[in-house]
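What follows is one structure encoded as structure tokens, with my remarks underneath.
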Amino acid sequence: MNRLEKFGEMYIHEVRDRSLSLLYKLLEGKIKAPRLLRLQEELNNLDNQKRKVIEELSEALIDNTLHNILFLFEQYPEFELTFENQNLANLSDGLSGELYTEDGWIKKYSKYSSSLD
């Protein structure tokens, strides 16, 4: 696996999947963190349709944030995203585009399929 793919796998597992895991734990009522209990209670009072909308909105916002972070490194060369001493922006024709498509990082590496496809 090349450096770009290694980074993509870690980026998806450590950022996207961890964020979605928290979302699903909240929706399932499995959170014990005191700062999130009120939010969890509010979510549990919603009907299934509203919970689904929140799930899809959260996923879209998480994916958009991942995209925007990568896009920042494409647009501003003064910021470098390096992995194993390589500037990842130089290894890709578009870092933010690595997330998408059938061969993109989300499809390849996320344990959560996209509900937006």
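No value in this document is a laboratory result; all are computed from the given coordinates. As the structure is a prediction and not an experimental result, all values here were calculated from the model. Backbone-built Cβ (ideal geometry, glycine too); neighbour counts: all protein chains shown.
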- prompt: If you take the beta carbon distance between K25 and N68 as r and set R0 to 35 Å, what does 1/(1 + (r/R0)^6) give as a FRET efficiency, to the nearest 0.05?
  reply: 0.90
task: Consider all pairwise Cα distances in region 3-109 and report the whole-number % of them above 19 Å.
output: 52
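Given R₀ = 22 Å, what would the calculated FRET efficiency be for L36 paired with H13, taking r from the Cβ atoms and rounding to 0.05? Walk me through the intermediate numbers first.
Numbers: r = 22 Å, r/R0 = 0.99.
For R0 = 22 Å, the calculated efficiency reads 0.50.
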query: Simple spin-label model, 7 Å along Cα-to-Cβ: K107 to N45 in nm?
result: 4.2
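Could you order peptides 3-13, 29-39, 78-88 by the average number of other Cβ atoms within 10 Å of their residues, highest first? List each step's numbers first, then the result.
Values: 3-13: 17.5, 29-39: 10.7, 78-88: 12.5.
Ranked from most to least packed, the peptides come out as 3-13, 78-88, 29-39.
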In sequence order, calculated HN-Hα J values of region 83-98 (Karplus, 6.51, -1.76, 1.60; Hz; x Gly/Pro): 9, 6, 6, 10, 6, 5, 4, 7, 8, 10, 8, x, 3, 5, x, 5
